[in-house]
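All of the numbers you see were taken from the coordinates with simple rules; none came from a lab. Just so it is clear, the structure is predicted and the values come from calculations on it, not from any experiment. Positions of Cβ are generated from backbone atoms using ideal geometry, with glycine treated the same way; all protein chains shown enter the neighbour counts.
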Amino acid sequence: MENLTELLSQLTKQDYCYLTTIGRKSGNPHEIEIWFGIHGNSLYLLSGGGDQSHWVKNLIANPNVTVRIAKYIFTGVARIVSDDKEETMARHMLAGKYQDWQEGQPLSDWGRDALVVGIELSL
């Protein structure tokens, strides 16, 4: 079995991940394709719809999720990021990956205002 951190670092260049939450009303799995960033064993997502996005409402109701990146499937526990330092790191990481943001530049509306979600992953 590969080291989780090493495996995740190899997957960080992938364009998308596939997040599966459990529907808070239906109880059925719901999968979305979404941009992501990885730091250590944590995966970070930005919700442009804030806490009104269905996938965010689902993970608030049940934080146990699965994440697929390339051919790998991980289980995880999701949370809304509330630590300012962690939130800033995640915003900069995703804006850099998807919007060519660099230190010293202003963040886009998405990079500045989207809700930051963190997922602690395991194999």
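For an R0 of 35 angstrom, estimate the FRET efficiency from the Cβ-Cβ distance between residue 5 and residue 52 and round to the nearest 0.05.
0.60
Could you size up the charge dipole of segment 9-83 around its Cα centre, putting +1 on the beta carbon of Lys and Arg and -1 on that of Asp and Glu, and report it in debye to the nearest 20?
180
Would you give the gap between the C-alpha center of segment 42-83 and the C-alpha center of segment 19-35, rounded to a whole Å?
Here the two parts' Cα centres lie 9 Å apart.
Which of the listed residues, 94, 19, 118, is farthest toward the dipole's positive end in the chain, when Lys, Arg count +1 and Asp, Glu count -1 at the beta-carbon?
With unit charges placed on the Cβ atoms, the residue in question is 19.
Suppose R0 equals 30 Å; then what is the FRET efficiency for residue 123 and residue 99 from their Cβ-Cβ distance, rounded to the nearest 0.05?
FRET efficiency, residue 123 to residue 99: 0.50.
Based only on other Cβ atoms within 10 Å, what is the fewest-to-most ordering of 57, 13?
Ordered by Cβ neighbours within 10 Å, fewest first: 13, 57.
Would you kindly state how much longer the chain becomes between residue 15 and residue 30 on full extension, computed as 0.36 nm times their sequence separation minus their alpha carbon distance, in nm to one decimal?
3.4 nm
Using a basic spin-label model with each label point 7 Å from the Cα along Cα→Cβ, how many nm lie between residue 39 and residue 75?
2.6
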